Each structure stands twice: as C-alpha cells, then as structure tokens.
C-alpha cells in the first residue's frame, strides 16, 4: 500500500508492477490506457490496449494498423504520452515516451505469428481506419466474419505495426482524503532520478 511513508524506490517499483499487471490482465484498469500523439492539428488522444510492460527495458508495448493517424503522427514526431487511471485505487500514472515503430521486421513478424487469427480483425480491414463512409461498415472481409483462419488473415501482416514505447519519465499521483501523494521519475543516462512533487 503506497503511503507518505513509502520510499520513492518503493513507489517506482509499485508503478512498474501495476503497469506489468495492466499488460497481462485484461480486466485491470491499466489494460486500456489513453495514448496521445502530436499531430499537425494539435494533440490527438485515443484509448488503446496495453499489450505488455517491461520494467528492465523501460518499455510499454502496443499494436496498431500502419494506416492509422497515430502511426502517421509518430512517423513525424516519435514523442508520445500514456495516461493510466485506476478508479479503485485512485492512482494515476502518466508516462512520457519515445516510440519506435516496427513494421514488417523481425520483431513485428514474431509478434504477428503469436496473434491468433480471431484477433487479427483490426489489421485486415479493406479501408484504412478512420475512412469516411456513406453507411455503417464493420470494415471486415466476409471470409473473416465466417471463420478467421491463418489464410484469410495473413494479409494483415502488411498493416500490422508493433509500437514500442521507451519510457523517459513517469509521473505518479495517488488521491487520498488525508492528502494526495505525487512523485516523478525521470530516466537519466543509466538510472532513474526520483523526486517528490507537490500534488
């Protein structure tokens, strides 16, 4: 339990522990964070799925379609922000990151092969995500609706992007009736620089 008596090291360990749980547990509050990028029109935000968090590598992993606005944004500016909030624990984590995109390389192909055909629908739509249409579409090929298979989803690899966010800074906030608690952790060369912040 995080409290004012917790050390900054304990809080940082807690933060990474919760992020790792968020990536592994589909029911965890951190499994569906908000992800923000810089576009030519300003800041763009969307909810996505945290697939994995790696404390040692300081990485947050998610997937995308190559044709999305967020990939376009990241190709222009690799800086992005993640926002996590757990209503139960009243804890918020903000992460400033630099994102590396993997498209049709070894890393992306390895992950793609681990995705079951039934979960590849997000990457096989005939229309680029966000395309305007004159009527409703689920943007799925008929063959996928009938039965997803390796064969009728294999074209999705051309659209699949593995997004690897390297964390540069973490901002942790815990809301408490007795007084809120806030701390910040910034990566500097080869270590975390930790500090308390006024909430």
Running Debye on the range 1-73 with equal point scatterers at the Cα sites and no solvent, what base-10 log of I(q)/I(0) appears at q = 0.23, 0.24 Å⁻¹? -1.03, -1.07
Stretch gain in nm, segment residue 45-residue 169, where the contour uses 0.36 nm per residue and the Cα spacing is subtracted: 42.8 nm
Return the calculated 222 nm mean residue ellipticity for the chain, to the nearest 500 deg cm²/dmol, obtained by summing -39500 (n - 2.57) across DSSP H runs with n ≥ 4 and dividing by the residue count. -6000 deg cm²/dmol
Taking N as the number of residues in the range 84-187, what is its Cα Rg relative to 2.2 N^0.38 Å? 1.53
Run the quick spin-label model on residue 79 and residue 139: label points 7 Å from Cα toward the beta carbon, then report their separation in nm to one decimal. 2.8 nm
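Multiply the residue separation of residue 1 and residue 110 by 0.36 nm, subtract the distance between their alpha-carbon atoms, and state the gained length in nm to one decimal.
35.5 nm
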For the chain, with a Gaussian network of springs between Cα atoms less than 10 Å apart, report the residue from 137, 68, 47 with the top mean-square fluctuation. 137
Cα centroid separation, the range 98-177 to the range 1-55 (Å): 19 Å
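Using r as the Cβ-Cβ distance of residue 52 and residue 195, and R0 as 22 Å, what FRET efficiency do you calculate, to the nearest 0.05?
E between residue 52 and residue 195, to the nearest 0.05, is 0.20.
Looking at the range 15-171, I'd like the Rg to Rh ratio, where Rg is from alpha-carbon atoms and Rh is Kirkwood's inverse mean 1/r.
On the way: Rg = 16.1 Å, Rh = 16.5 Å.
In the range 15-171, Rg relative to Rh is 0.97.
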Using 0.36 nm times the number of residues separating residue 151 and residue 187, minus their current alpha carbon distance, what extension gain do you get? 8.6 nm
Taking the chain and dividing mean pair separation by its residue count, relative contact order in percent (alpha carbons under 8 Å, at least six apart): 22 percent
Checked the range 25-117 against the a/c 1.5 cut and the a/b vs b/c comparison, axes a ≥ b ≥ c from its Cα gyration tensor; verdict oblate
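Readers should treat all values here as calculations from the given coordinates under stated rules, not as data from a laboratory. Keep in mind the model is a prediction, meaning the values are calculated, not measured. Ideal geometry is used to build each Cβ from the backbone, glycine not excepted, and the neighbour counts take in all protein chains shown.
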